[in-house]
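Take a look at the structure below.
The values are calculated or read from the model by the stated rules, or taken from the named source; none is laboratory data. What you see is a predicted model; the values in this text were computed from it and never measured. All Cβ positions, glycine included, derive from the backbone under ideal geometry; neighbour counts span all protein chains shown.
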């Protein structure tokens, strides 16, 4: 290999030496630059992985919030349906409630002595509650039919309280005081 160098003159050897030195310097800078770029590339991959993970978490959170929003929207739809179908209307006053109560009592076959109506506001005056209290005489079968009629009625009419005033175990009859509650929107 020295023989090849012997063929070169001094000027060519110095040019070849400078070129070799430049090649070594270029390789050194290339390795340093490549290692730096490799570090940047590895760091970028790690950041990309963390960004993808954060994006997946955000998507899962978005789906949870969307599901929660649909539930709330369903609740609002249910409330609107309840207001339109099940609450008594303010413009009707209690006339519809009186008719409905009488219809239920007639279908159950209960005789009513006197009815008393009490009013109360609920929740910042948005809704009103009307209590209908009355005394009646009847049998267990009539009471059962009455309660079933109230429970299956299409509006918010609830048996709030039943007080047994007198029970005749031999005849199977009793005297009770019933309190019904109806709700209507203000």
| field | Failed item in (1) modelled with pLDDT under 85; (2) surrounded by fewer than 18 Cβ atoms within 10 Å (Cβ to Cβ), with residue 147 passing the rest | value | (1)
| message | Condition check: more than 18 Å from residue 156 (Cα to Cα) and in contact with a strand residue (DSSP E or B) (Cβ under 6 Å, 6 or more places away or on another chain). Does residue 135 satisfy that? | response | yes
| Quick one: how many residues across segment 73-93 are free of Cβ contacts under 8 Å to residues at least 40 places away in the same chain and not in a helix (DSSP H, G or I)? | 1
| task | May I ask you to say which residue of 109, 17 is surrounded by 10 or more Cβ atoms within 10 Å (Cβ to Cβ) and on the phi > 0 side of the Ramachandran plot? | result | 109
| task | Confirm whether residue 96 is within 30 Å of residue 174 (Cα to Cα), surrounded by 10 or more Cβ atoms within 10 Å (Cβ to Cβ), under 36 Å from the mean Cα position of the chain (by Cα) and in the same structural domain as residue 180 (by TED's automatic domain parsing). | result | yes
| said: Six or more apart or on different chains, Cβ atoms under 8 Å: show the pairs whose first residue is in segment 160-186 and on the phi > 0 side of the Ramachandran plot and whose second is at pLDDT below 90 and assigned to a strand (DSSP E or B). | reply: 172/139
